[in-house]
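Single-structure report; data block below.
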Amino acid sequence: MKIEKLGLSTRAYNCLIENGIYTMQELMEISEKELIEFKNLGVKTLNEILVVRKKYIDFGFQKETGFIENNEIKDKYLDDFHQEFKNLKEIVLDIILKNKGLISNLQINDKIFERLQETKIFQIILDSLITENKIEKIENKYRIYLPKLEDYINSLSKNKKMIFLNRLKGKTLEEIGKSMGVTKERIRQIEKNYMKK
C-alpha cells in the first residue's frame, strides 16, 4: 500500500518521501528512533505518522506481508480455530468431570494430549503455518520454511530490491543513494532493515 493512500498531511507525506519511505510496509519496518532522526520532522508530524501507523497495526497490517488479502481463507481458519477451541474447552471440562474429584494441571495436561489427537486443531494450526509460509511440508514431514534466494529477493519492496541488487553489483551506498535521491545513511538504514529478514 502506497503512503499517499494513508491520508497524511502534506508535510508528513513529503517528509516520508524525502527519506525514502514510499509504502506502508516500509513505514512499518522503520523504528520510532529512526523516524525521529528524519530531516524536517517535527514533533507534531512525528505524532501524526505514529498515530496513522498504530491505526494500521490495530486493523491487522502485518510487517512481512501487508494486509491479509484473502479474507475467506482468514475467516475459514478463524472459524475452524474457534470451533476447535470450543471443542478443547469441552474436552477439558469432560476430563475434570470424569475425574470425579480434584485434578491437578499436570494430570489435565497428561490426559489432554490423548484427547487432542481426536480433534483437528493440530492440522488446522499446521495448515495455517503452511499458508503463512512459516513451515513447509515435505514427504509428510514438516520443517521451517526456508525461502530460495530468488523468493527472498522477490519478497522485498521495489526500493529494497533495487538496493540489494545494486549492492550485489558492487555499488556503494553513496552511489545508490544518489540514484534514488536519498542519502547514503538512508540507504544504510534500508539495507540494515532488510538484512534482518
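The values are calculated or read from the model by the stated rules, or taken from the named source; none is laboratory data. Computed from a prediction, not measured in an experiment: that's the story for all the values here. Cβ placement follows ideal geometry from the backbone for every residue including glycine, while neighbour counts extend to all protein chains displayed.
For the range 176-197, a residue qualifies if it is surrounded by 15 or more Cβ atoms within 10 Å (Cβ to Cβ) and more than 19 Å from residue 18 (Cβ to Cβ), and exactly one does: 194. Of the helices (runs of 4 or more DSSP H) lying entirely inside the range 1-78, those containing at least 1 residues that are touching a helix residue (DSSP H, G or I) at 6+ places or on another chain (Cβ under 7 Å) and modelled with pLDDT under 85 are 24-29, 32-36, 43-58. Counting only helices (runs of 4 or more DSSP H) that sit wholly inside the range 91-184, those with at least 3 residues that are under 22 Å from residue 29 (Cα atoms), within 20 Å of the chain's Cα centre (by Cα) and basic (Lys, Arg) are 158-168. Condition (residue is closer than 30 Å to residue 132 by Cβ and among the acidic types (Asp, Glu)) applied to the range 154-176: is it met by at least one residue? No, the range 154-176 contains no residue that is closer than 30 Å to residue 132 by Cβ and among the acidic types (Asp, Glu).
All of (1) loosely packed, with under 13 Cβ neighbours inside 10 Å; (2) over 26 Å from residue 15 (Cα atoms) hold for residue 132 with one exception: (1).
Reported count of residues in the range 19-54, each being touching a residue at least 40 places away in the same chain (Cβ under 8 Å) and closer than 26 Å to residue 184 by Cβ, is 11. Cβ separations smaller than 8 Å between residues 6+ apart or across chains give the following pairs from the range 138-151 residues that are within 25 Å of residue 168 (Cβ to Cβ) to residues that are in a strand (DSSP E or B): 145/135; 145/136; 146/136.
If you go through the range 186-197 and pick out every residue that is assigned to a helix (DSSP H, G or I) and touching a helix residue (DSSP H, G or I) at 6+ places or on another chain (Cβ under 8 Å), you end up with 8.
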